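For reference, the structure is listed below as structure tokens.
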Amino acid sequence: MSAPPFLSLVLTGRNDDYGGNFISRFFRVLTFNLELLADQKLSAEVILVEWCPTPGRPLLAERLQESLPPRFRECVTTYVVDGRYQAALSLNPRLEYLEFVAKNVGVRRSTGQYVLATNTDLILSAAMGRALASGTLEPHCVYRANRIDLKLGIDDSTLHHELLDNPDNHMPRRRITPPLYAGAAGDFILLDRETFHRLRGFNELYRMARIGIDHNFLVKAQSSGVPITDIGPPIYHVAHLASYQTSKHTASRQEAESRWGRTWHNHEVIYDNREDWGLRDAPARQMEDGIWRLDFDWRAVPPLVDLHRIVLSGMTTAD
Amino acid sequence: MASGILGRFGLARAAHVRAATARADKFKTRTAALKQQLHAALDEAAQWKQQAAQLNTRATAAMHAIDRRKGKDAGHLDELATLRDKFHRLQEAEQTIALTRGHLLTMETKLDVLEGAITVLDRRTRDHLEHGTTEPSIEPAVTAKPS
């Protein structure tokens, strides 16, 4: 049995052309990140959760296996989640993508020593590669990173560090600050797998929104005595028309609710996920090398309502 | 012998007289000096007495002032104790408000979840009644992926 990788990159997406040119953007970013990690001689796996694939379109997993350089294909495992889970789990019919339940599916099945929950359009900086390889990461600590947004319209057809590190290509953005180092937290949450599992991943009880679930994880971590810190180096984000930063002020109320859900008390109220978080009991079936399908089974679906697990921050109950 | 004969006639030798006179003069000088010292000591004593009287007056005044201050301080201490008590009660009230607010937010969140569940169940019921299905449907193609 091979040793577990140092890092698990947990991503979620599907072949729906989100934000335009989704697939080419995603593949370019993923290849860049994997090359960066390989340069630093860091072993890594990619856990891609293809949440509720769009009917009638090829699977993102298949496209990825075709497009990725052969040397990286082995380190990618995709879990294709049956579309019925979205409908069975959702508490907000307008919300179309339960992003953090999807990420939990990946976190649950990751095997790395450290797990980085991130997004498909997030690029690791060279300094981040060095920081990850420095051997200074501590377990029982949530690492956050400042996100630098690259200007909309820059030529990102070929990614290279000169392009990324050039301040002329950056959009101004507020830096993350203590105690939570919040702000686009869903783009970079890194911690050891054991602690991630002990915290039972992201909130699966408030399935009304995507927005704020990442922040809520930080509140949960802090409330559980897990320190949060800024890892130092930044990450880069290629701006696109559908991103939250770009469209939060222009989207209609209905559009906003379908993309992100409604705002809620994510700074104060936390959660205590069930033992079977991350669709633990969803039957897994291997479709081909590196591609698994999580079939639908009502037994894997948590109850619609589990109110005693919604708790005030600092008062998390233990099983 | 000679002094004995002179003594019978009430006379003394000149040397004795000169010595006695010198001793008398010395005693006179000494007496005068002592008198002067006595006067100076008396003056000093009078000054000390005056100072003592002044200090006594001031001490009495200070005692009165202390008594007055004690009365005032007792009032201030009472006031301080009251303020401290109020401050503690205020802190407790703030904590209670924060906790109550937290519970209200938790209740609101739970109500959100309940509302969501009711909406979903309502949809499922309607779907079941209309189409006879109990399986959750796959949502139509949508454009929403995290960023």
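The values are calculated or read from the model by the stated rules, or taken from the named source; none is laboratory data. Since this is a predicted model, take the numbers as computed values, not measurements. Reconstructed Cβ throughout: ideal geometry from the backbone, glycine too, with neighbour counts over all protein chains shown. Quick note on the areas: whole protein, heavy atoms, side chains included, nothing else; ligands and nucleic acids left out. Shrake-Rupley method; radii C 1.70, N 1.55, O 1.52, S 1.80 Å.
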Could you go through segment B:116-129 and let me know if any residue there is surrounded by 11 or more Cβ atoms within 10 Å (Cβ to Cβ), within 30 Å of A:Asp295 (Cβ to Cβ) and in contact with a strand residue (DSSP E or B) (Cβ under 9 Å, 6 or more places away or on another chain).
no
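Among A:Arg274, A:Arg253, A:Arg280, A:Arg259, which is basic (Lys, Arg), surrounded by fewer than 19 Cβ atoms within 10 Å (Cβ to Cβ) and modelled with pLDDT under 95?
A:Arg253 is the lone residue from the list that is basic (Lys, Arg), surrounded by fewer than 19 Cβ atoms within 10 Å (Cβ to Cβ) and modelled with pLDDT under 95.
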Residues being open to solvent by 30 Å² or more (accessible area, probe 1.4 Å) and either among the charged types (D, E, K, R) or modelled with pLDDT of 95 or more (or both): count how many of those fall in segment A:19-31.
1
Members of segment A:164-213 found to be assigned to a strand (DSSP E or B) and touching a residue at least 24 places away in the same chain (Cβ under 8 Å), listed by number
A:Met171, A:Phe188, A:Ile189, A:Leu190, A:Leu191, A:Asp192, A:Ala209
Options A:Arg57, A:Arg71; residue that is open to solvent by 20 Å² or more (accessible area, probe 1.4 Å), farther than 30 Å from A:Gly135 by Cα, at pLDDT below 95 and more than 18 Å from the chain's Cα centre (by Cα):
A:Arg57
For A:Pro58, are the conditions met, namely being free of Cβ contacts under 8 Å to residues at least 24 places away in the same chain and within 14 Å of chain B (Cβ to nearest Cβ)?
no
Could you list all residues from segment A:1-42 that are hydroxyl-bearing (Ser, Thr, Tyr), under 25 Å from A:His160 (Cβ atoms) and touching a residue at least 60 places away in the same chain (Cβ under 8 Å)?
A:Tyr18
Residue that is modelled with the lowest pLDDT, among those in segment A:190-213 that are within 14 Å of chain B (Cβ to nearest Cβ) and closer than 22 Å to A:Val46 by Cβ:
A:Arg210
Failed item, numbered, when A:Leu122 is tested on (1) within 10 Å of another protein chain (Cβ to nearest Cβ); (2) buried (at least 24 other Cβ atoms within 10 Å of the Cβ); (3) within 17 Å of the chain's Cα centre (by Cα):
(2)
Restricting to segment A:17-31, count the residues that are away from chain B (no Cβ under 14 Å) and within 16 Å of the chain's Cα centre (by Cα).
2
For A:Leu89, the lone unmet condition from (1) at the interface with another protein chain (Cβ under 10 Å from one of its Cβ atoms); (2) touching a Ser or Thr at 6+ places or on another chain (Cβ under 9 Å); (3) in contact (Cβ under 8 Å) with a residue 24 or more places away in the chain is (2)
All conditions in (1) assigned to a loop (DSSP other than H, G, I, E, B); (2) modelled with pLDDT of 95 or more; (3) within 9 Å of chain B (Cβ to nearest Cβ) are true of A:Phe100 except (1)
Go through segment A:214-240 and give me each residue that's of a type in the set (A, V, I, L, M, F, W, C) and in contact with a Lys or Arg (Cβ under 9 Å, 6 or more places away or on another chain).
A:Leu218, A:Val226, A:Ile228, A:Ile231, A:Ile235, A:Val238, A:Ala239
Residue under question is B:Thr109, and the condition is that it be within 14 Å of another protein chain (Cβ to nearest Cβ), without any contact (Cβ under 8 Å) to a residue 24 or more places away in the chain and open to solvent by less than 90 Å² (accessible area, probe 1.4 Å); does it hold?
yes
Taking B:Gln47 as the residue in question, decide whether it is within 34 Å of the chain's Cα centre (by Cα) and open to solvent by 60 Å² or more (accessible area, probe 1.4 Å).
no
Would you confirm, using the coordinates I've provided, whether B:Leu55 is assigned to a loop (DSSP other than H, G, I, E, B) and either within 30 Å of A:Asp306 (Cβ to Cβ) or open to solvent by 70 Å² or more (accessible area, probe 1.4 Å) (or both)?
no
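Taking segment A:214-242 as the region of interest, how many residues are assigned to a helix (DSSP H, G or I) and either facing another protein chain (nearest Cβ under 10 Å) or of a type in the set (Gly, Ala, Ser) (or both)?
Number of matching residues: 3.
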Specify which of the listed residues (B:His64, B:His88, B:His103) is part of a helix (DSSP H, G or I), within 14 Å of chain A (Cβ to nearest Cβ), surrounded by 10 or more Cβ atoms within 10 Å (Cβ to Cβ) and not polar (S, T, N, Q).
B:His103
Residues of segment A:146-170 satisfying the condition of being open to solvent by 80 Å² or more (accessible area, probe 1.4 Å) and in contact with a strand residue (DSSP E or B) (Cβ under 7 Å, 6 or more places away or on another chain)
A:Lys151
Could you tell me which numbered condition A:Leu34 fails, if it satisfies all but one of (1) open to solvent by less than 10 Å² (accessible area, probe 1.4 Å); (2) out of contact with any Phe, Trp or Tyr (no Cβ under 7 Å at 6 or more places or on another chain); (3) more than 10 Å from chain B (Cβ to nearest Cβ)?
(2)
Say whether the condition of being within 14 Å of chain B (Cβ to nearest Cβ), buried (at least 22 other Cβ atoms within 10 Å of the Cβ) and basic (Lys, Arg) is met by at least one residue in segment A:5-16.
yes
